[in-house]
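*Asks:* I have a structure here, written as structure tokens, and I will follow up with some questions on it.
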Amino acid sequence: MKPEKPQILTINGGSSSIKFALFESGDSLQRLLEGGIERIGLPDATLQVKGLNPADNLSRSIAAADHTVAVGTLMDWLEGHCGRETLTAVGHRIVHGGPTYSQPQRITPAMLEALRRISPFDPEHLPEEIRLTEAFHHRFPDLPQVACFDTAFHHDLPRVAQLLPIPRRYEAQGVRRYGFHGLSYAFLMEALSRLDGTAAHGRVILAHLGNGASLAAVHDGKPVDTSMSFTPTAGVPMSTRSGDLDPGLVGYLARTEHMSAKQFNAMVHFQSGLLGISETSADMRDLLDRELQDVRAAEAIALFCYQVKKWIGAFAAALGGVDTLVFAGGIGEHAPTVRSRICDGLGFLGIELNEGRNVVNADVISMATSRVPVRVIPTDEALMIAKSVCRVLNLG
């Protein structure tokens with residue numbers, strides 16, 4: 001029996017994880033449960049679920065050699081817990097939509113073939129995301145699936161922000177600045193519009209700071225620029241990603257260490273950023289705990305805060321000023337020390353924090369006299385996916 005109200009499953013596949021949430025659609029979307037499978041490919045993978053009903057809560061070790069096995073375990077659990085006929089639709093976060101996809105769309109064989117062709121754009125995410133959609137189609141062949149592209153928010157960046165300064169012929173192959181974290185940025189702009197409609201039409205800098213980190217500049221609700229580029233590796237340092245680097249390093253390491261392109265790619269994606277500098281952890285919480293005893297942890301934090309501060313300054317220049325600064329993401333929402341260090345010295349832009357409000361992660365953490373309001377807005381990519389599914393499939 002199908003439920004009276006549509007139920008929508010959202011899937012957000014990462015390089016070693018799958019996050020999911022189940023929503024019920026009615027007058028508004030209600031989150032029934034959420035969870036994730038972490039450490040896919042490692043012997044200590046786990047399935048965790050948290051629901052409105054405490055009986056739904058669980059945490060257990062599972063075998064998850066790859067994403068296909070992991071999502072099979074998730075589907076088994078959903079069938080056993082909710083029943084095979086419960087789901088109305090599935091929405092997937094697809095990291096890269098290339099030059100073609102600028103809106104959420106129902107997944108078709110033609111779309112999957114197009115995504116396979118652009119898989120070299122993002123070999124860390126796209127192949128696994130395609131496999132996740134295929135796994136659901138194999139288990140539930142009649143279940144509608146919708147792709148929600150993380151690049152879509154930035155699709156219409158000004159041309160000067162899209163262009164990369166390499167030979168023009170590569171542009172015809174789709175090589176340009178795309179930007180990512182678009183689902184998060186779309187949510188943040190919707191939330192800001194509800195909180196302060198005037199601010200949402202002003203000059204806004206959004207800082208999505210988590211394991212992946214990026215910033216976006218928005219004016220009158222439209223994207224102007226973003227720190228990530230052709231891939232999610234660009235921009236500020238992240239947990240294990242390098243952020244921007246001198247491209248000359250590729251040749252240098254090839255000459256001195258015989259490093260291949262594949263090895264270089266692995267280094268900048270999985271061995272760099274906070275982990276590379278600290279040599280101990282990719283987790284900002286660990287580094288903050290250790291910074292007084294470990295100079296490497298202190299330098300990793302300092303580099304992160306310095307680079308984010310630089311991008312805020314750059315985007316203020318691109319926007320001709322800034323009217324609102326928003327922090328989001330795991331670090332942006334929960335690390336007051338990091339926010340404080342990022343904003344220190346930005347008084348010339350009109351950014352002044354109220355440390356009492358900052359330390360308790362208040363909604364507005366700026367001084368009452370600050371010309372620029374600084375907000376902390378918890379982001380919700382899963383909700384944006386569910387909304388997109390409802391819109392595409394016309395679910396009430």
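*Asks:* So, in segment 82-106, exactly how many residues are under 15 Å from Thr10 (Cα atoms) and part of a loop (DSSP other than H, G, I, E, B)?
*Replies:* Matching residues across segment 82-106 total 5.
*Asks:* Scan segment 361-389 residue by residue and report those that are closer than 15 Å to Gly350 by Cα, of a type in the set (A, V, I, L, M) and in a loop (DSSP other than H, G, I, E, B).
*Replies:* First, pick out the residues of segment 361-389 that are closer than 15 Å to Gly350 by Cα: 364-375.
So of that shortlist, the ones also of a type in the set (A, V, I, L, M) come out as 364-365, 367-368, 372, 374.
Ile365, Met367, Ala368, Val372, listed by residue number.
*Asks:* Just wondering, is there one or more residues in segment 317-328 that are free of Cβ contacts under 8 Å to residues at least 40 places away in the same chain and of a type in the set (A, V, I, L, M)? Lay out the reasoning, then the answer.
*Replies:* Of segment 317-328, the ones free of Cβ contacts under 8 Å to residues at least 40 places away in the same chain are 317.
Still in the running and of a type in the set (A, V, I, L, M): 317.
Checked segment 317-328: at least one residue is free of Cβ contacts under 8 Å to residues at least 40 places away in the same chain and of a type in the set (A, V, I, L, M).
*Asks:* State all residues of segment 134-164 that are more than 19 Å from Leu383 (Cα to Cα), in the same structural domain as Ile40 (by TED's automatic domain parsing) and not aliphatic (A, V, I, L, M); if no residue qualifies, say none.
*Replies:* Answer for segment 134-164, where residues must be more than 19 Å from Leu383 (Cα to Cα), in the same structural domain as Ile40 (by TED's automatic domain parsing) and not aliphatic (A, V, I, L, M): Glu134, Phe136, His137, His138, Arg139, Phe140, Pro141, Asp142.
To keep it simple, each residue is scored yes or no on (1) at negative phi; (2) surrounded by 18 or more Cβ atoms within 10 Å (Cβ to Cβ); (3) free of Cβ contacts under 8 Å to residues at least 60 places away in the same chain.
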{"position": "Lys310", "(1), (2), (3)": "yes, no, yes"}
{"position": "Phe315", "(1), (2), (3)": "yes, yes, no"}
{"position": "Asn358", "(1), (2), (3)": "yes, yes, yes"}
{"position": "Pro373", "(1), (2), (3)": "yes, yes, no"}
{"position": "Asp380", "(1), (2), (3)": "yes, yes, no"}
{"position": "Ile385", "(1), (2), (3)": "yes, yes, no"}
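*Asks:* State whether one or more residues within segment 3-12 are in contact (Cβ under 8 Å) with a residue 24 or more places away in the chain, hydroxyl-bearing (Ser, Thr, Tyr) and under 16 Å from Phe136 (Cα atoms). Give the steps one after another, and end with the answer.
*Replies:* Filtering segment 3-12 down to residues in contact (Cβ under 8 Å) with a residue 24 or more places away in the chain leaves 3, 6-12.
Add one more test, that the residue is hydroxyl-bearing (Ser, Thr, Tyr), and what stays is 10.
Right, trim to under 16 Å from Phe136 (Cα atoms) and you get 10.
Yes, segment 3-12 contains at least one residue that is in contact (Cβ under 8 Å) with a residue 24 or more places away in the chain, hydroxyl-bearing (Ser, Thr, Tyr) and under 16 Å from Phe136 (Cα atoms).
*Asks:* Would you confirm, using the coordinates I've provided, whether Ala282 is aliphatic (A, V, I, L, M), in a loop (DSSP other than H, G, I, E, B) and closer than 22 Å to Asn211 by Cβ? Please lay out each step first, then the result.
*Replies:* Details: aliphatic (A, V, I, L, M): yes; in a loop (DSSP other than H, G, I, E, B): yes; closer than 22 Å to Asn211 by Cβ: yes.
Judged against the criteria, Ala282 is a match.
*Asks:* Does Arg339 satisfy the condition of being basic (Lys, Arg), in the same structural domain as Ala217 (by TED's automatic domain parsing), buried (at least 21 other Cβ atoms within 10 Å of the Cβ) and not in a loop (DSSP other than H, G, I, E, B)? Working first, answer last.
*Replies:* Details: basic (Lys, Arg): yes; in the same structural domain as Ala217 (by TED's automatic domain parsing): yes; buried (at least 21 other Cβ atoms within 10 Å of the Cβ): yes; not in a loop (DSSP other than H, G, I, E, B): yes.
Taking the combined requirement at face value, the residue satisfies it.
*Asks:* Filter segment 342-356 down to the residues that are part of a helix (DSSP H, G or I), crowded, with 16+ Cβ neighbours inside 10 Å and not aliphatic (A, V, I, L, M) and list them by number.
*Replies:* Taking segment 342-356 first, the residues part of a helix (DSSP H, G or I) are 342-343, 347-349, 355-356.
Next cut, crowded, with 16+ Cβ neighbours inside 10 Å only: 342-343, 349.
Across segment 342-356, the qualifying residue is only Cys343.
*Asks:* Filter segment 319-336 for residues that are part of a helix (DSSP H, G or I) and surrounded by 20 or more Cβ atoms within 10 Å (Cβ to Cβ) and give the result.
*Replies:* Hits for segment 319-336 are Gly329, Ile331, Gly332.
*Asks:* Could I ask something else about it? Kindly indicate the residue of segment 235-251 that is assigned to a helix (DSSP H, G or I) and of a type in the set (A, V, I, L, M, F, W, C) and also farthest from Ile94 (Cα to Cα) among those meeting that condition. Explain how you work it out, then say what you get.
*Replies:* So in segment 235-251, the residues assigned to a helix (DSSP H, G or I) come out as 248-251.
Among the residues that remain, those that are also of a type in the set (A, V, I, L, M, F, W, C) are: 249-250.
Values: Leu249: 30, Val250: 28 Å.
Across segment 235-251, the extreme among qualifying residues is Leu249.
*Asks:* Also, quick follow-up: Of the residues that make up segment 155-177, is at least one of a type in the set (Ser, Thr, Tyr) and crowded, with 21+ Cβ neighbours inside 10 Å? Working first, answer last.
*Replies:* Of all residues in segment 155-177, those of a type in the set (Ser, Thr, Tyr) come to 170.
Still in the running and crowded, with 21+ Cβ neighbours inside 10 Å: none.
No, every residue in segment 155-177 fails to be of a type in the set (Ser, Thr, Tyr) and crowded, with 21+ Cβ neighbours inside 10 Å.
*Asks:* Okay, next question. Any residue at all in segment 204-212 that's touching a Lys or Arg at 6+ places or on another chain (Cβ under 8 Å) and under 20 Å from Ile342 (Cβ atoms)? I'd like the intermediate steps shown before the answer.
*Replies:* From segment 204-212, those touching a Lys or Arg at 6+ places or on another chain (Cβ under 8 Å) are 212; that's our starting set.
Still in the running and under 20 Å from Ile342 (Cβ atoms): 212.
The answer is yes; a qualifying residue exists.
*Asks:* Looking at Gly36, is it outside any strand (DSSP E or B), farther than 14 Å from His81 by Cα and touching a residue at least 12 places away in the same chain (Cβ under 8 Å)? Can you show your working first?
*Replies:* Working: outside any strand (DSSP E or B): no; farther than 14 Å from His81 by Cα: yes; touching a residue at least 12 places away in the same chain (Cβ under 8 Å): yes.
It is false that Gly36 is outside any strand (DSSP E or B), farther than 14 Å from His81 by Cα and touching a residue at least 12 places away in the same chain (Cβ under 8 Å).
*Asks:* Follow-up. Among Ala316, Ala254, Ala298, which is in contact with a helix residue (DSSP H, G or I) (Cβ under 6 Å, 6 or more places away or on another chain), in a helix (DSSP H, G or I) and not β-branched (Val, Ile, Thr)?
*Replies:* Values: Ala254 fails: in contact with a helix residue (DSSP H, G or I) (Cβ under 6 Å, 6 or more places away or on another chain); Ala298 fails: in contact with a helix residue (DSSP H, G or I) (Cβ under 6 Å, 6 or more places away or on another chain).
Answer to the check: Ala316.
The values are calculated or read from the model by the stated rules, or taken from the named source; none is laboratory data. Values in this document were obtained by computation on a predicted structure and should not be read as measured data. Here Cβ is always computed from backbone atoms with ideal geometry, including for glycine, and neighbour counts include all displayed protein chains.
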